[in-house]
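First the structure, in the form of structure tokens, and then the observations on it.
Where a number appears in this text, it was derived from the coordinates with a stated rule and is not lab data. What you are looking at is a predicted structure, and each value in this text was computed from that prediction instead of being measured. All Cβ positions, glycine included, derive from the backbone under ideal geometry; neighbour counts span all protein chains shown.
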Amino acid sequence: MFPGPSTGYISGDSGVILKTTNAGANWFFLNSGTRINLFDIFFINNETGFCGGGFVNDGTGLILKTSDGGQNWSTLFYSKDSGWVNALHFFNENTGVACFDRSIKRTTNSGQSWETVGFAKSGQGRDMCFPDILTGYVVGTVNTLFKTTDAGYTWSRSDLGHEVTLRSVFFTNPQRGYAVSPDGPILCTIDGGSNWTNLRNVTRNLLTSVFFSDSLNGTITGYFGTILRTTNGGISYIGNEVQQLPDNFQLHQNYPNPFNPSTKIKFSLKKSAEIKILLSNILGEQVRVLTDKFTTAGDHGDTQFSGFVNWCILLFTYCKWQCLKNSKTSINKVK
């Protein structure tokens, strides 16, 4: 997040906040005072900013504030049952909007208290964009867009027309916007989100972020070093994709997680091999085999799971040269 030409901030897991004062050439750590994961950061000027996050597993939500360019941070909001904070936008030092887990909330007292102004029945708001002081958009729930035209007081819900879960959204003006998804597509709208066009065959990698510096110049980033740039408003993209595969194999966290009604599983193979992906419960009992076949080297993200599950271990078995190796991650469904 760059509030000025040279000054920028980044937040991350375990309370990490980074700052640059030379337009990103160098970055240094700031002391956030917390080890909680920080998912978004927003500055209204070079000195005053807010940072939101929490823990996905237990629903903890946290919002921090600084008034001295990140040198000191104070806790504005902390709750163990509010849900984590994915995205923030402040209009001024007192008034702001935040995407909590499965809800959109608004504050008028600098984040001391929050009023719920919108709900998401499943999934959660992942990203937020305000192209002007009145018009805002939130994405994150499957096939769903939330929009406000009154600075976040009220929100309307509409279908995207695409069965994807969007991870990031950016509007260059109230009508023209772009959105990306770990499911693959880049979507574009020119009518304020009423209709979305799928820009196909741009990349096969999972995409996580989109940003435009003006109406023509934009950047999209994703897994494995994917960087896509456009200089013509998204008509075409120049790609820089570097696949950083592990020596043997890698099983990525399924996305979305928690999920409802389905989730996708991505894994990477350095070499072609016989692989098996299965679900087992907490007792170690097999629940379901998702795939069991010879698979070519590269990145694979088409394995999908849907159905009822309370809590399971996703077990990945990789067989090569009579060598058996395992990797696992947790998978949880929203009820």
- Query: For the range 1-98, what is the relative contact order in percent, using Cα pairs closer than 8 Å and at least 6 residues apart in sequence?
  - Reply: 21 percent
- Message: Per residue of the range 287-292, what does 6.51 cos²θ - 1.76 cosθ + 1.60 with θ = phi - 60° give for ³J(HN,Hα)? Whole Hz please, x for Gly and Pro, Karplus curve as stated.
- Response: 9, 7, 9, 8, 7, 7
- Query: Which shape class applies to the range 73-140: rounded if a/c is under 1.5, otherwise prolate when a/b exceeds b/c and oblate if not, where a ≥ b ≥ c are the square roots of the Cα gyration tensor eigenvalues?
  - Reply: oblate
- Interchain or long-range residues, amide H under 5 Å from Phe91's placed H: Gly96, Val97
- Working from the alpha-carbon coordinates of the range 92-214, get Rg over Rh, Rh being the Kirkwood radius. 0.97
- Can you tell me the order of 77-87, 204-214 when each peptide is scored by its average per-residue count of other Cβ atoms within 10 angstrom, highest first? 77-87, 204-214
- For the range 1-147, just the Cα atoms, rotate onto the principal axes and tell me the three extents in Å, largest first. 42, 33, 28
- Message: Over the range 49-128, what is the relative contact order in percent, taking alpha-carbon pairs closer than 8 angstrom and at least six residues apart?
- Response: 23 percent
- Message: Can you list residues from other chains, or at least 5 along the same chain, whose modelled amide H is less than 5 Å from the amide H of Trp27?
- Response: none
